[in-house]
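Visitor: Have a look at this one.
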Amino acid sequence: MKFIIIASFFIFCSAYSANSQDSFQSNNVVAKELYKELRCLVCQNQSLLDSDAPLALDLKKLVITKLEDGESKDEIKLFLVERYGEFILLKPTFTIKNILLWFGPLIFVAFGFFITFRFFRKKNLVYSESSILTKHEKEKLEKILDRDLK
Amino acid sequence: MIIELGHYCLALVLAISLFQFFVPALGVRYKSSSLMRSSFITAYISFLLVSLSFLSLTYAYVTSDFSVSLVAQNSHSLKPLIYKISGVWGNHEGSLMLWILILTFYSATVALVGRKLPLKLISLVLSCQGLIASAFISFILFTSNPFIRLFFPNIEGEGFNPILQDFGLAIHPPFLYLGYVGLSITFSFSIAALLIGKVDTIWVKWVRPWTLIAWVFLTIGIALGSWWAYRELGWGGWWFWDPVENASFMPWLATTALLHSSIVAEKRDTLKAWTILLAIVAFSFSLLGTFIVRSGVLISVHAFATDPSRGLYILLLLVLFTGGALVLFAKKASHLKSGSLFQPLSREGALVINNIIFASAAATVLLGTLYPIFIDAVNNSKVSVGPPYFEAVFIPLMVPAILLCAFSPMLSWKRANIENIMERIIAVFICSILLTSILVFIYNGSASAFLGVFLGFWLILGTTYEFIIKVGIKLSFKTFIKRSLKLPRSAYGMSLAHIGVAIFVIGVTVSSAWREEIEQPILIGEKVIINNMELSFLSINNVKGPNWIADRGEFEVVRKGKNKEFMYPERRFYPASQVNTSEPAIMSNILFDLYIVLGESLNNDKSYSLRVYYSPFINWIWLGILLMALGGILSLTDRKHRLGYAIKINNENISK
Amino acid sequence: MKKKYSYLPLIFFFILVLFFARQLILKEDPSELPSVLLEKSLPKIKLDKLSDYKLFNKKNLLQLNEPSLVNVWSSWCAPCQIEHEFLMTMSRSNNIKIFGINYKDDKQDAIKVLKLNGNPFYAIGRDDDGTQAINLGVYGVPETFIIDASGNIRYRHVGPILEYDMNNTILPILNKIK
């Protein structure tokens, strides 16, 4: 059993390492990543990558030029946000302003578990109408359930 | 004349729908069964009249009657017949006509098949449907009338966008609407249940087929839209988390949660309030989708001609139906008494977790879609929420769901013993890791695909394993086959649908992680190499089509061990509408798609801008979705889902 | 389900409706972007001369020491032609100087338009590749910026200026900043 787990771990690692990527990425690759994160302002439902609009082409040229000048992704994004606002970013910034957006999903799940927990606490259950138990039987049932659910 | 008849029929149906709303409700209140029974007749007549109305509009399109304003704006005499017909619903007013056609169709079908249901229940359901119909018909008649005539008829129509003349696009709305409107049935049943004050097994058994029908149609409709976008729009993408795409995805997520929740409600008589709430929410998402697409509140490339005043009207509809339903829910939900207990680690527990995840997923998509409105109101700033956000939050939500999905069917009801299945879990885990590693190795693909592929294999192996165990282990082959044929179809449906999910996940993961693309100018005679395939740009020719002229490129594709193949991407020009489009050439098979897009000719020398995409396993995306839908259809054909079966069984039990 | 929790969906829905109602009542165009350069100083932009028209740069705008307009236009842009009339009226009657940025245009076409329809611009510059206009956050043509006497951007109007915009937006702002 242990052997199988260790063996699969090694197989997993070898698959991973067989595909070790070059840590250096060409400007073109970084540019493409950036294009995917920037919204086309003309065809507003496309990213710069997908859009052929003239402004999109201009912005793409700008990005490449800046990358060649050595600017980082963040610097380029900042440049564009200063001129066009955060709207140009397809990925909303991770700031206090957007805290509801980024933590929302987690809050929903937590809330879901919370409600379920409260709902299914033993005390809140009402027996279905069709069962008519005497007080004595009810106490007996409670005891049994107590034991079961512990 | 025909148009005027259609118009008149519609106005008549408004009156009948109002009757259908009031009278059966009064019948329930005053316990008059004849008043209640009137709902059947009104449902049948409504459908008949709406069909006539819809047919009259279709007739106008087919005969290119440009004296009708809508036809003049949206159609053209040169359009092929099939697109004239699909043009009926390719606009705001016409699509609403399709909506109520489907609504009255569903109402009539429910009336027909539900004749033997408790009269109180069915009358309330039909009454609710009547109200929905009245609301939408009044919306059509007062703000979006398709029957308006032009004082001076046009000689020719203006509607000739070639992008919209596509078969996939033509049938995508009907499927979606069959889904959206199908949810009105579960909604009406929920309202009826809340008013009556109880949700019993009959109710759940009766409602489940309708939920499945709506779910199947939604699934297919969404898949069609996505597949069409991929093949036609030219950049190899298939989902952009656009507000209108999300508007169809949210009801789908809610309906999936509803399907699973209703299983618990049926088997264990619990989670009833939750099931009712989901049914209300699912239909509300349908209405919300209608609102988003037509109000102009959010930018979307799909949006119909938007109009804030129409938006206000739809908002009122939302307030009436969702608001009203939620008020009813708030008051009456606590009266729905729950039947049984269960341990957290049990089939019920797993389904509850599934519910939480899918409901949270729907809420998350809603949050991301509407967030720009929220932040604009609160902060007066413009923020955009695009695919990077949705992908970042959606995937972590779905991973636990998929992990759970493989093994939940193995958990027993009420209280499950983890030790029994631990061995199976480990076995599946190891095999999945192995298979994934092998695949990654063969394709020499990046390891970023590892998690997605692993989840896919995990789900396939787990589902298959569970199926085998259900039939029986340690059996001879013949006995195994015999026994497996005896399994109820809903068991097959579930397994097939879950496998569909797995295939979908693998398709999504691999097609994006291991995708290769080339974007460069190319001269005639030049070659490019992508994924060990050699593409040669042979020539450019002028071609003519029925309503277009094009530059067609000829590419020769050479793959190892295969004969030469040819692909022909085009750049088309439609004279009637002065529009240029790019038709990609796509080579599709189960293992990959090769996608060539020919751009404009550059700088007047013989070079053209070229984009080539190699997307491995991309067709697994749509294959997976198709399997999900097939699973749903299989389940529907199960005896126990036969509409009316629940009543029959109940009657038999009573007479015993 | 406990009674008080069952009211939660309703409350949540109600809040949602309020947000929607606000959007509908405001009747904003969601694709229109407000400039993020409001209240900031006009960015330095480097433009090329158009024939022998006076060249627009930040210096000669500031030298005026009065509110002015900066209009981004092209000869190939149809709404710009519609707007041209109003620009002519404004430059004559309202005594306001208009600076023009000729955006991604052909020199000869631009000169032709000005000769044909009149020149409303106090000074013009060419931005042939559109990179200078990016510094202003321009995302389409035409766009018009209202600049106050100290050279700060006070408002950006997207699309052509028509009579309605003139009377209800542009003039009130101009009056305010005088």
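The values are calculated or read from the model by the stated rules, or taken from the named source; none is laboratory data. None of these values were measured; they are calculated from a predicted model. Note: ideal-geometry Cβ built from the backbone for every residue, glycine included; neighbour counts use all protein chains shown.
Visitor: Here is a list of conditions, (1) closer than 21 Å to B:GLY368 by Cβ; (2) within 12 Å of chain A (Cβ to nearest Cβ); (3) of a type in the set (Gly, Ala, Ser), and B:ALA282 meets all of them except one; can you say which number that is?
Guide: Looking at each condition in turn, B:ALA282 falls short on (2).
Visitor: While we're looking at this one, here's another question. I want to confirm something. Restricting to segment C:7-21 and keeping residues that are within 7 Å of chain B (Cβ to nearest Cβ) and of a type outside the set (Gly, Ala, Ser), which single residue is nearest to B:PHE285 (Cα to Cα)?
Guide: C:PHE13
Visitor: Consider segment B:439-469. How many of its residues are without any contact (Cβ under 8 Å) to a residue 60 or more places away in the chain, out of contact with any Ser or Thr (no Cβ under 7 Å at 6 or more places or on another chain) and closer than 21 Å to B:SER635 by Cα?
Guide: 7
Okay, residues lined up against (1) at pLDDT 90 or above; (2) surrounded by 18 or more Cβ atoms within 10 Å (Cβ to Cβ); (3) touching a helix residue (DSSP H, G or I) at 6+ places or on another chain (Cβ under 9 Å); (4) assigned by TED's automatic domain parsing to the domain that holds B:PRO372:
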residue	(1), (2), (3), (4)
B:LEU320	yes, no, yes, yes
B:ALA330	yes, yes, yes, yes
B:GLY339	no, yes, yes, yes
B:GLU348	no, yes, yes, yes
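Visitor: Take the residues in segment B:417-456 that are buried (at least 22 other Cβ atoms within 10 Å of the Cβ) and of a type in the set (A, V, I, L, M, F, W, C), then tell me which one is nearest to the other protein chains (Cβ to nearest Cβ).
Guide: B:VAL440
Visitor: For segment B:332-374, how many residues are over 31 Å from the mean Cα position of the chain (by Cα), more than 7 Å from every other protein chain (Cβ to nearest Cβ) and assigned to a helix (DSSP H, G or I)?
Guide: 1
Visitor: Taking the stated definitions as given, is A:GLY70 touching a Ser or Thr at 6+ places or on another chain (Cβ under 7 Å) and either farther than 26 Å from B:SER512 by Cβ or surrounded by fewer than 13 Cβ atoms within 10 Å (Cβ to Cβ) (or both)?
Guide: Against the criterion (touching a Ser or Thr at 6+ places or on another chain (Cβ under 7 Å) and either farther than 26 Å from B:SER512 by Cβ or surrounded by fewer than 13 Cβ atoms within 10 Å (Cβ to Cβ) (or both)), A:GLY70 does not qualify.
Visitor: Kindly check whether there is at least one residue in segment C:20-32 that is within 21 Å of the chain's Cα centre (by Cα), among the hydroxyl-bearing types (Ser, Thr, Tyr) and modelled with pLDDT of 90 or more.
Guide: No, segment C:20-32 contains no residue that is within 21 Å of the chain's Cα centre (by Cα), among the hydroxyl-bearing types (Ser, Thr, Tyr) and modelled with pLDDT of 90 or more.
Visitor: Could you list, in sequence order, the residues of segment C:50-71 that are surrounded by 13 or more Cβ atoms within 10 Å (Cβ to Cβ) and assigned to a helix (DSSP H, G or I)?
Guide: Scanning segment C:50-71 gives C:LYS58, C:ASN60, C:LEU61, C:LEU62.
Visitor: Being assigned to a helix (DSSP H, G or I) and within 11 Å of chain C (Cβ to nearest Cβ) is the filter; apply it to segment B:288-301 and report the residue that is modelled with the lowest pLDDT.
Guide: If we take residues in segment B:288-301 being assigned to a helix (DSSP H, G or I) and within 11 Å of chain C (Cβ to nearest Cβ), then B:SER295 is modelled with the lowest pLDDT.
Residue by residue, here is whether (1) surrounded by 21 or more Cβ atoms within 10 Å (Cβ to Cβ); (2) among the basic types (Lys, Arg) holds:
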{"site": "B:GLY87", "(1), (2)": "yes, no"}
{"site": "B:LYS120", "(1), (2)": "no, yes"}
{"site": "B:LEU141", "(1), (2)": "no, no"}
{"site": "B:PHE151", "(1), (2)": "no, no"}
{"site": "B:GLU156", "(1), (2)": "no, no"}
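Visitor: Of the residues B:TRP235, B:TRP215, only one is part of a loop (DSSP other than H, G, I, E, B) and either surrounded by fewer than 23 Cβ atoms within 10 Å (Cβ to Cβ) or in contact with a helix residue (DSSP H, G or I) (Cβ under 6 Å, 6 or more places away or on another chain) (or both); which?
Guide: Step by step, each of B:TRP235, B:TRP215 is checked, and only B:TRP235 is part of a loop (DSSP other than H, G, I, E, B) and either surrounded by fewer than 23 Cβ atoms within 10 Å (Cβ to Cβ) or in contact with a helix residue (DSSP H, G or I) (Cβ under 6 Å, 6 or more places away or on another chain) (or both).
Visitor: On to the next question. If I filter segment A:30-48 for residues that are assigned to a helix (DSSP H, G or I), crowded, with 22+ Cβ neighbours inside 10 Å and at the interface with another protein chain (Cβ under 9 Å from one of its Cβ atoms), do I get at least one hit?
Guide: no
Visitor: Applying the selection to segment B:571-585, what residues are in a strand (DSSP E or B) and crowded, with 19+ Cβ neighbours inside 10 Å?
Guide: Of everything in segment B:571-585, those that are in a strand (DSSP E or B) and crowded, with 19+ Cβ neighbours inside 10 Å turn out to be B:ARG571, B:TYR574, B:SER582, B:GLU583, B:ALA585.
Visitor: Could you tell me whether B:PHE291 is farther than 30 Å from B:SER588 by Cβ and either among the basic types (Lys, Arg) or within 21 Å of the chain's Cα centre (by Cα) (or both)?
Guide: yes
Visitor: Among the residues of segment C:98-113, is any part of a loop (DSSP other than H, G, I, E, B), under 15 Å from the mean Cα position of the chain (by Cα) and either under 19 Å from C:LYS178 (Cα atoms) or within 14 Å of another protein chain (Cβ to nearest Cβ) (or both)?
Guide: No, segment C:98-113 contains no residue that is part of a loop (DSSP other than H, G, I, E, B), under 15 Å from the mean Cα position of the chain (by Cα) and either under 19 Å from C:LYS178 (Cα atoms) or within 14 Å of another protein chain (Cβ to nearest Cβ) (or both).
Visitor: Condition check: touching a residue at least 12 places away in the same chain (Cβ under 8 Å), among the basic types (Lys, Arg) and not assigned by TED's automatic domain parsing to the domain that holds B:SER226. Does B:LYS606 satisfy that?
Guide: Taking the combined requirement at face value, the residue satisfies it.
Visitor: Pull up segment B:34-50, narrow it to residues that are surrounded by fewer than 18 Cβ atoms within 10 Å (Cβ to Cβ) and among the hydroxyl-bearing types (Ser, Thr, Tyr), then point me to the one that is farthest from B:VAL113 (Cα to Cα).
Guide: B:SER34
Visitor: Then there is this: Go through (1) within 29 Å of A:THR65 (Cα to Cα); (2) in contact (Cβ under 8 Å) with a residue 40 or more places away in the chain; (3) buried (at least 22 other Cβ atoms within 10 Å of the Cβ); (4) in contact with a Gly (Cβ under 9 Å, 6 or more places away or on another chain) one by one and return the number of the condition C:TYR103 breaks.
Guide: Status for C:TYR103: all satisfied but (2).
Yes/no per residue for (1) more than 27 Å from the chain's Cα centre (by Cα); (2) in the same structural domain as B:VAL204 (by TED's automatic domain parsing); (3) crowded, with 22+ Cβ neighbours inside 10 Å; (4) of a type in the set (D, E, K, R):
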{"residue": "B:SER32", "(1), (2), (3), (4)": "yes, yes, no, no"}
{"residue": "B:LEU52", "(1), (2), (3), (4)": "yes, yes, no, no"}
{"residue": "B:LEU55", "(1), (2), (3), (4)": "no, yes, no, no"}
{"residue": "B:ALA60", "(1), (2), (3), (4)": "yes, yes, yes, no"}
{"residue": "B:LEU81", "(1), (2), (3), (4)": "no, yes, no, no"}
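Visitor: Is there a residue being under 16 Å from A:PRO54 (Cβ atoms), surrounded by fewer than 19 Cβ atoms within 10 Å (Cβ to Cβ) and not hydrophobic (A, V, I, L, M, F, W, C) anywhere in segment C:85-99?
Guide: No, there is no match, as no residue in segment C:85-99 is under 16 Å from A:PRO54 (Cβ atoms), surrounded by fewer than 19 Cβ atoms within 10 Å (Cβ to Cβ) and not hydrophobic (A, V, I, L, M, F, W, C).
Visitor: Of the numbered conditions (1) under 20 Å from B:LEU318 (Cβ atoms); (2) more than 21 Å from the chain's Cα centre (by Cα), B:LEU119 satisfies every one except a single condition; which is it?
Guide: For B:LEU119, the failing item is (1).
Visitor: Give the number of residues within segment A:114-150 that are surrounded by 14 or more Cβ atoms within 10 Å (Cβ to Cβ) and either at pLDDT below 65 or of a type in the set (Phe, Trp, Tyr) (or both).
Guide: 4
Visitor: Tell me the residue from B:GLY507, B:GLY472, B:GLY525, B:GLY462 that is crowded, with 22+ Cβ neighbours inside 10 Å and over 21 Å from the mean Cα position of the chain (by Cα), please.
Guide: Just one listed residue meets the conditions, B:GLY462.
Visitor: Does C:LEU47 satisfy the criteria of being touching a Phe, Trp or Tyr at 6+ places or on another chain (Cβ under 7 Å), surrounded by 19 or more Cβ atoms within 10 Å (Cβ to Cβ) and more than 19 Å from C:GLY159 (Cα to Cα)?
Guide: yes
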